[in-house]
Structures are given as C-alpha cells and as structure tokens.
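Notes follow once the structure below has been shown.
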Amino acid sequence: MNTPNESNQPSDTGSPADSAGTGRPSAAEALGGGAPGKSRAEGRELIKFQDVTKRFGENTVLDDLCFSVDTGKHVTLIGPSGSGKTTILRLLMTLIKPDEGTITVDGEYLTHEEKNGKLVPAGDAHNRAVRKKIGMVFQQFNLFPNMKVLRNVTEAPVHVLGMDKDEAAERARGLIELVGLTEHLDKYPTQLSGGQQQRVAIARALAMRPQVLLLDEVTSALDPELVAGVLDVLRDIAHSTDITMVCVTHEMSFARDISDRVLMFDQGKIIESGSPDKIFNDPDNDRTREFLSSVH
Amino acid sequence: MSWGLFENWILPGLWVTVQATVFSALLALVVSFVVGTLRTSRLWIVRFLSGAYFEIFRGASALVVIFWFAYAFPLLFGWQLVPLWAGVLALALTYGAYGSEIVRGSLAAVPEAQREAGIALSFTPMQRLRRIEIPQAWPEMVPPFNNLAIELLKGTSLISVIAVADLAFAGNVIRLSTNESAPVYTLLLVLYFLLAFSITRGMRVVERHAKRGVGKLPEKKSRSGQGDVAPAGGSTNGGGA
Ligand SMILES: Nc1ncnc2c1ncn2[C@@H]1O[C@H](COP(=O)(O)OP(=O)(O)OP(=O)(O)O)[C@@H](O)[C@H]1O
Ligand SMILES: [Mg+2]
C-alpha cells in the first residue's frame, strides 16, 4: 500500500480564532509562544509509521502498517471496533511497543534508538524525551484525582519541563480559560462533570506544548448533552493553532469539520484514505461505505 | 495498690509504652513505604529481595526478633543497643513487613489509567510514584494502618521481656511486690484500651484529611460535591480546601 499523501490539501491553519467576542483567549493566544508556530516547516513528516506490525498473541492487530502525518495536519482515524485505532495511539504513547517496523516522531525513533548505526530498543529516558512532543487526551479523561484543576494542568510543566511555577500557573490559567473553566480552577476532578473533566484534560495535554495531540474517542464516555462543549473546544484548537492532530472519533460531523485527511481502518490495515469530502461523500471501498452507514 | 507504686511504675511505664509505640510506628511506616514500593518495582531482583524481606519478617516471631536484637546482635556486631531501641528496631522491622503489604496492595489498586496518564505526560517512574500513585493510594492505606498501629501498640508489651520498663513490665513488678493482680491488670487493660482508642481517633483525623486530598469530602458534606454533574457556580459544595 502506498503511503497516503496529503499534498492535495490546502493548509487549514491560517484561519483566525473563532472565539472573538466571548472575551476568551483564542487557542493560539492561550498556547502562547510554545505553540507550534507558523514558522515551522509545513509538509514535513512529523509522524511516520514504517511497516509497523503489532500482535497480541495470535491476533495481528496492525499489519505491516505504513502511514505518515505531516506537521500541522489533522488526521482522523475511523474504522470498526477492534480495527487497531487505539493501538496506533498507544504505540505513539510508548505504552506498547511494535513487534516489527519503526515509528518516528519529528525524525526521532520511538521505542528504538540508534547506537553505533544500529537500531536497538530504546531506554525509558529516550522514550520520555521523544514523547514530550506528543500530548494525549483519553476517552476516560484520567485526570489526577489528588490534584485540583489548576495543579492537574501545572504539574507536568513544572516537574517534567522544569517550568517556573508562576509561569506554569499563568499559562495554565490561560488554557483553563480557553476551555471555559476559569470558575472551577480550585476544584477537584470529582467535583466536575465528565465534560468539564475532559476539557481540563485537554488543557493539561496542551500545557506540555506538544507538537501533536492524540485524541482517542474523547467524547464517547460523555453524556450526549456534554459532547458539544468538548468538541467546540477542539474545533477552536484545530482551527486557530498549528498543532498536529491524530484523532479517533465516531463524531463524523466533527471529523469532517477538522480533518485534512481521513484514514479508514479495517483489521489493522488502511483500506482507504482521502479528504473528508471524498471519504464521507463518495468512498471507493465497499467496507468504508458499509461502516459509514452503520455509524450514521 | 498505692499511689507510690502508680507514680513510680505505672506512669513511667505508660510513657515508655507511648514512646515505644510512636518510635516503632514511625520507623515501621518508613519500612512499609520503602519495602512496599520496592515490591512494585519493574526489576525482578528488587521485587525478589523486598518480597523475601516481607516473607522472612512475616514468618518471624516478633518476640524472637526482639531477643535477637537484644542478645544476638551485640555478640555478632560487638555493639550493645539500648534495650528500648533494640525493641523499637525489632518491632519496626516486623510490623513494617506487614505494613509493606498494605502499601503494595494500595499501590496496586491505583487504576492503570493513572499510570498511563502519568506516562503520557512524561513523568519519570519516581515522579509517578511520588506525585500520582502514592497520594492516591494513601487514603486507602489509612484504615489498615490504623489496625496495624493498634497491633503494634499491643505488641510493645513484648519488649518488657528484655527489661524495658514499659506498662506491662510495671504491671508485673506491682503484681510481684503486692500480689494484687486483679486491680493492676484491670488498670492495664483500661490503659491499653485508652491508648488504642486515641490511636483510632487520631487516625480518623488523618483519614478525613487524606480523603479530602483526593476530592472526597467528609461524609456530611459530600452529597453535593460528588455527583456526576457539578453544581453551577460551585456555591453548594464545601470547597474541599
Ligand atoms: N493489551 C491487549 N492485549 C490483548 N489484545 C489487545 C490489547 N489491546 C488491544 N487488543 C486487541 O487489539 C485489537 C485492536 O484493538 P484497538 O483497541 O486498537 O481497537 P480500536 O480500533 O481502538 O477499537 P474500538 O473502536 O473498539 O476502540 C482488538 O482485537 C483488541 O482485542
Ligand atoms: Mg479504541
């Protein structure tokens, strides 16, 4: 299979923040100087999977997978349950390791490192360094229940990036304002609704100034009335910053809104990829059509 | 039983029992955390050694360990410990082994998703332990630590066998000198009970504090704060501060 290419897609990243009039900071402002800037080379491969195979026992979950995501692009992964979408994100998070093949992020190997010209399994420190470029938002939020909202957002910048405490708090306030939770700064996660928790989790991930944001069905654990608020925040981020996104979602209208490219997975392979217009309106593959009619 | 005996034996004995309990509890707490976290290590050799410590001290009689520190230790190392400290050390190592099981179990009960969230934010394993896993496991540890502290309090009476003049030792002295077993031992029962009771009261405060630290408010205030949907404006909950 060819590595899908996104050269046919115009950049979607220059559009202005859509939060004007609300008094909220735009996502670009809240992310501050650390946000992946416009100066960054467009079109560079930020994430690259090369012949990646992942098995769990007899079960081949990813089968010789090749694809790449260019800097600043938003790619959505769709496909039936068990097709390997979460596995891709967990590989990027180094929560699991590929059985074969390599993954690079911003030109650096993940779970491998080069020693004397050879690829060897990477140590924890190497993985941590590469992973700092990646932020993840989980389906179940996974906020730290022992920390209030503000500290959930500042903890990693202070202790992992070594950011000054006051600076981290100021940035965190900006991000929490961006996700519309300023009045909840001083609460514990258990005192928030699921939708509010998920928005804190988005702020927490952004506080690390990642180049890539991974989103794994971030609204599917939410009550229906809370979904829109979370998706609005993500739309804002997608439209007003240059952050790269890899997104697994069943919210097809959201996927259509933000994606530069959609990858359709089935049984660990990409069976079709293309622009959202193409995939959602006129898919080539029968299984894509079948899948889409099942989720609509 | 005269006031003189009470003043000369019971009161100092009570003080020694309190000291022995506090010192060995603090030391046992350190042992519990060190051994308990080592037992969750990724390295099998670390798990093996800390697990061996747990098995050995769980299987050892506290009384024999006390004798060992009082009588064998000086012979082997040429260094005599003050009896109270020999007792404290022996109790801390023994009860610390039990405590390590509490720590290990509570750490294991922290959801895997929390570990993954820590990894996703690039925390080191030590940082995850210190900032995420231990703080979340701590409220779960307090009630079993309360039980263990009371067991330890009662266990301190064993150190009277190496001539530490604690409460049990005082009771024995008075019984031998006056033959008044009934009032003396009744008094001792009451005193041990009162000590145990104050431990429980103290631990209750610790537990409430610990629960508040993970956003679980004390029962009487918790109704409004725990629901899935938070009250708008936050005017109804206790604030958790
Ligand atoms: N830790 C694991 N151990 C064994 N099998 C696993 C593990 N994680 C995932 N799998 C298997 O890998 C396959 C792909 O799982 P994955 O979670 O990537 O699917 P998905 O596309 O995210 O599905 P869904 O839409 O249901 O979330 C499934 O068959 C699953 O059972
Ligand atoms: Mg999944």
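Observations, loosely collected:
- For the protein assembly as shown, the residue among A:ILE243, B:PHE48, A:TYR188 whose Cα projects farthest onto the positive side of the dipole built from Cβ charges is B:PHE48.
- Residue with peak Gaussian network fluctuation, chain A [Cα springs, cutoff 10 Å], from A:PRO121, A:PRO157, A:PRO80: A:PRO121
- Close amide H pairs (under 5 Å, H built 1.01 Å from N) link A:ASN285 with no residue at least 5 positions away or on another chain.
- Listed residues A:GLY135, A:GLY229, A:GLY162, most fluctuating in chain A (Gaussian network, C-alpha, under 10 Å): A:GLY162
- Membrane-span-like helices in chain B, defined here as complete DSSP H runs extending at least 20 Å along the helix axis by their C-alpha atoms with mean Kyte-Doolittle hydropathy no lower than 0.0, are B:11-38, B:44-59, B:83-108, B:134-155, B:181-212; this is a sequence and geometry rule, not a statement about a membrane.
- Amide H contacts under 5 Å for A:ILE47, placed H, 5+ residues apart: A:VAL69, A:ASP106
- Inter-chain Cβ neighbour average for residues A:186-199, partner chain, 10 Å: 5
- From helices alone, the protein assembly as shown scores -15500 deg cm²/dmol at 222 nm; the rule is -39500 (n - 2.57) for each run of n ≥ 4 DSSP H residues, then divide by the residue total.
- Positive-end ranking of B:PHE69, B:THR200, B:VAL161 along the dipole of region B:3-218, with charges on Cβ about the Cα centre, is headed by B:THR200.
- Among the DSSP helices (H) of chain A, those spanning at least 20 angstrom by Cα along their long axis with an average Kyte-Doolittle hydropathy of 0.0 or more are A:224-240; this is a geometric and hydropathy rule only.
- Long-range amide H partners of A:MET163 with built H, under 5 Å: A:VAL158
- Within the accessible area of chain A, the carbon and sulfur atoms contribute 44%, probe 1.4 Å, all protein chains present.
- Per residue, the accessible area of chain B comes to 52 Å², computed with a 1.4 Å probe over protein heavy atoms only.
- Filter on A:LYS85/A:LYS133; A:LYS54/A:LYS132; A:LYS85/B:LYS216 - keep pairs with C-alpha separation over 31 Å: A:LYS85/B:LYS216
- Area hidden from solvent between A and B (accessible, protein heavy atoms only, 1.4 Å, total, Å²): 2800
- When the Gaussian network model of chain A links Cα atoms closer than 10 Å, the mean-square fluctuations of A:THR94, A:THR71, A:THR241 top out at A:THR94.
- Only beta bridges with both residues in the protein assembly as shown are counted; by DSSP, about 60 percent of them are antiparallel.
The values are calculated or read from the model by the stated rules, or taken from the named source; none is laboratory data. If you're wondering where the values come from, they're calculated on a predicted model, not measured in any experiment. Please note: Cβ atoms are built from the backbone with ideal geometry, for glycine as well, and neighbour counts cover all protein chains shown. Keep in mind that these areas ignore ligands, DNA and RNA; they rest on the heavy atoms of the full protein, side chains included. Shrake-Rupley method; radii C 1.70, N 1.55, O 1.52, S 1.80 Å.
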